Every structure is written in C-alpha cells, then in structure tokens.
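Scroll down for the structure; my scribbles are underneath it.
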C-alpha cells in the first residue's frame, strides 16, 4: 500500500470528486449528484471550517453543493483541466456548523431564500461566506481535520 502525506490525501479527495463529476458529465453532458461532494469521497472533517456562536446543530455548506456542481460542469464544458476543477472544489467546498434557527433563516426567510443559491450578484471569485454574511451568521473558525496516515489494517481494527 502506498503511503500519502495528509496534504496528498486532501488533494486526492478533491481530485477524486472532480473525476467522478467529470465522468458523469461525459456520459450525458448535464447531470450530477451533489452527494459526490460529501462522504465518503470528501469527509466532512476535511472541509468543516467554522462553528456558529449561536449553535452547531446543522452542517451548512457555505457555497451550496448545487452551485459548486453547476460551476464544475461549466469548467468541463470549457475543457479546463481536472486539476483546476479539483482546486475550485477545494476552494469552495466548506462547511460551517450553524444553529437550527440560523438554518431556517437562511433557507426559508422570504427575503433571503438562499437554500440552494448564493446571494443575488454573487459570482465565482467573490467571498465564499457571502450567504452567511447576508444572514448575519457569526462563526468562529475551526481548523479542518487533516487526513491521517491510516492503513487498511488500522481501519479494520
């Protein structure tokens, strides 16, 4: 078995997700499944970057996975290298744990309605935390968990 550094394991996780998305896109040119950007391909601990000061009952992707997937499809259509798509995913796939009340405000609020979209006028390259900013969600940063040098024998023990 090959041994990888924690950084290599992170890179491989994002590359793997990008590769799966591209494979699906190559088959029909338009579909995707946002669950590709979740366990087991990309463990939540790799991308959890914050915890709300109001509570941590819910995981919130700061950029909705649907937004990320749609941008990946555009990148594939422009023939961008898989490494660039993986880098894009890594830069945008982040989770902040928030309270149930904050989740409801973000998703269901008549003025926000940001469950599956970014704020009006947001574009790739803008602040990834824009949804949380507009919803008034304050959070403290946490350090994402780094992958360990686990072997298959360690995992089965």
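The values are calculated or read from the model by the stated rules, or taken from the named source; none is laboratory data. Bear in mind that the values here come from a model prediction, so they are computed numbers and not experimental data. Cβ atoms come from the backbone with ideal geometry, glycine included; neighbour counts cover every protein chain shown.
For region 117-134, what are the residues that are surrounded by 13 or more Cβ atoms within 10 Å (Cβ to Cβ) and either in contact with a strand residue (DSSP E or B) (Cβ under 9 Å, 6 or more places away or on another chain) or more than 20 Å from residue 48 (Cβ to Cβ) (or both)?
117, 119, 122, 124, 129, 131, 132, 134
Which residue, of 130, 157, 86, is on the phi < 0 side of the Ramachandran plot and modelled with pLDDT under 95? Reasoning before the result, please.
Details: 130 fails: modelled with pLDDT under 95; 86 fails: modelled with pLDDT under 95.
Residue meeting the stated conditions: 157.
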